[in-house]
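Notes to accompany the following structure.
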Amino acid sequence: MTADDKPTYRVIDNREEYLSAVEKIAAGEGPIAVDAERASGYRYSQRAYLIQVFRRGAGTFLFDPPAVGSFAELNEAIKSTEWVFHAASQDLDCLREVGLDPELIFDTELGARLAGLPRVGLGTVVESLLGVHLAKEHSAADWSTRPLPDSWLVYAALDVELLIDLRDAVAALLEEQGKSEIARQEFADVLTRIARPSSRGEGWRRLSGVHSVKGGRNLAVAKELWEARDAFARETDIAPGRLVPDSSLVAVAKALPANKRELAAIKEFTGRASRSELGRWWDAVEVGLAATELPSLRTPGGDTLPPVKAWSDRNPDADRRLKAAKAAMTELAEELTIPLENVLTPVVLREISWDAPDPLTEEGVAASLAQLGARPWQIEASAHIIHQAFVEAMQEPEQADETAS
């Protein structure tokens, strides 16, 4: 293909063209490839700024979601058809925001993992299975830019135009390896999985570097600064780190400036809004300095388990169970040529190891795995192995006692 042969694309940004596109897509054949581009790192929201759709017999369509508004008509036309994604979990939330909610999906990224491919990025998998080099130079672009450059549109279109062929290639691999049913269950889980809600009050603990801030008063300042920045970022729809980076907030929390002048003098306090909004940040510092209830020095645990490194002291039996089960599950993962975290998520393995069923039976292990959210194929593959590992782990102390006596 020469430079003159490069395809050109235009963005659909009005209801009339959108409704015409819906008719064409509905008249197409087979699965529908879908992708969405956000402006992560540039905008506060995770909304879609471009939605790409491809279907055989219909063609490629690039939509401007803010301009189009609701996609209810498109969803009604295609919701029961298989939608093809690469890493669906990254796009489903922003698609649902505009009314696009599939009932059946095929995820080429997850499928490639289950098929045992060593690298599962879109470009790598496309090159490996289709022999096509897919440049990814615009993956981190600011997709809220208007108008979108032509080169970005070509990049965005290629992301979906190859997805159906890729889906067929991945599906063939899964069928050949006897993993089609495994994939079906995993894809269904992605669709129904409910994201764990983050605590609004403790979001500040995700501040990069906050672990280095010592003292309740310092943490109170860090908390107030983070919340002030979060509110301003939401108000302006700018990514928080582009206003004032995390490292700047941490530097202020460590320094505890006594007045606005001292705050401005902190050389590590940088960012586009560090000086233009100095009053905002100083107000937050003052609130933190005057707080009567200081944050705890430790992250509230809730129902979370203690760090694994502390298990040998706090729950030696659980520690032995986890080590034995992890070794056995690692062997199973190698046998299945599926990554360990896809055979059984680490958190599920930790949970069942910490609080094993009593009495310890294979049926009890299977029931516990189901309660923790494991899929049927995972339970069938791992319940016996985990039960056996737990039994052997519990025999170790008994054998040690017999030897000692």
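The values are calculated or read from the model by the stated rules, or taken from the named source; none is laboratory data. This is a predicted model, so every value here is computed, not measured. As a convention, Cβ positions derive from the backbone with ideal geometry for all residues, glycine included, and neighbour counts pool all protein chains shown. The protein model used for the area step is the full one, side chains on, heavy atoms only, and it has no ligands, DNA or RNA in it. Shrake-Rupley method; radii C 1.70, N 1.55, O 1.52, S 1.80 Å.
In nm, to one decimal, how far is the residue 206 label point from the residue 292 one, both placed 7 Å along Cα→Cβ?
3.1
What distance in nm lies between label points placed 7 Å from Cα along the C-beta direction at residue 313 and residue 89?
Taking the two extended label points, one gets 3.2 nm.
Provide the per residue accessible area, probe 1.4 Å, for the chain, rounded to a whole number of square angstrom. Could you put the intermediate results ahead of the total?
Values: 20780 Å² over 405 residues.
Ligands and nucleic acids excluded, the figure is 51 Å² per residue.
Mind ranking 304, 337, 8 by accessible surface for me, highest first, 1.4 Å probe? Could you put the intermediate results ahead of the total?
On the way: 304 95, 337 75, 8 125 Å².
Correct descending sequence by accessible area is 8, 304, 337.
Want the number for residue 388 to residue 96: 0.36 nm per residue separation, take away the alpha-carbon distance, what's left? Provide the component values of the computation, followed by the final result.
Values: separation 292, 0.36 × 292 = 105.12 nm, distance 4.27 nm.
Once the chain is fully extended between residue 388 and residue 96, it gains 100.8 nm.
Round to the nearest 0.05 the FRET efficiency obtained for residue 150 and residue 396 when R0 = 51 Å and r is the Cβ-Cβ distance. If you can, show how the numbers build up before the last one.
Details: r = 65 Å, r/R0 = 1.28.
Once rounded, the FRET efficiency stands at 0.20.
Hey, if we sort 275, 43 by accessible area with the 1.4 Å probe, largest down, what's the order? Present the calculation step by step, with values, prior to reporting the outcome.
Values: 275 105, 43 75 Å².
Sorted by accessible area, descending: 275, 43.
Okay, which of region 119-138 sit inside 16 Å, backbone N to the point 7 Å along the Cα-Cβ direction of residue 172?
125-132
Under 28 Å Cα to Cα from residue 260, which lysines show up? Leave out anything in the same chain fewer than 8 places away.
Counting by Cα, and skipping residues close in sequence, residue 260 has these lysines nearby: 214, 223.
Starting from the Cα-Cα distance between residue 20 and residue 128, subtract it from 0.36 nm times their residue separation and give me the gain in nm to one decimal.
Numbers: separation 108, 0.36 × 108 = 38.88 nm, distance 3.59 nm.
This chain segment gains 35.3 nm when fully extended.
With Rg and the Kirkwood Rh both taken from Cα atoms, where does Rg over Rh land for region 136-266? Don't skip to the end; give the middle numbers.
Numbers: Rg = 22.7 Å, Rh = 19.4 Å.
Rg/Rh for region 136-266 comes to 1.17.
Suppose accessible area is computed on protein heavy atoms with a 1.4 Å probe; arrange 329, 394 from highest to lowest.
Working: 329 0, 394 45 Å².
Ranked list, largest accessible area first: 394, 329.
In nm, to one decimal, how far is the modelled label at residue 139 from the one at residue 278, with both set 7 Å along Cα→Cβ?
It is 4.1 nm.
Using a Cα-Cα cut-off of under 19 Å, which lysines could be cross-linked to residue 267, ignoring same-chain neighbours fewer than 8 residues away?
Within reach: 254.
Viscosity 0.890 mPa s, temperature 25 °C: give me the Stokes-Einstein translational D for the chain in µm²/s, with Rh taken as the Kirkwood radius over C-alpha pairs. Show your work: numbers first, answer last.
Numbers: Rh = 24.9 Å.
D, rounded to a whole number, is 98 µm²/s.
Roll a 1.4 angstrom probe over the protein heavy atoms and tell me the percent of accessible area of the chain that is carbon or sulfur. Walk me through the numbers before you get to the answer.
Values: 10390 of 20780 Å².
After summing per-atom areas, the C and S share lands at 50 percent.
Give the lysines reachable from residue 24 as a straight Cα distance under 24 Å; neighbours fewer than 8 places away on the same chain don't count.
6, 79
Take the alpha carbon atoms of region 152-169, find their center, do the same for region 59-82, and report the distance between the two centers in whole angstrom.
Taking the Cα centre of region 59-82 as reference, the centre of region 152-169 is 17 Å away.
With every protein chain in place, what's the accessible area of residue 44 (1.4 Å probe, Å², nearest 10)?
Only protein atoms counted, so the area is about 60 Å².
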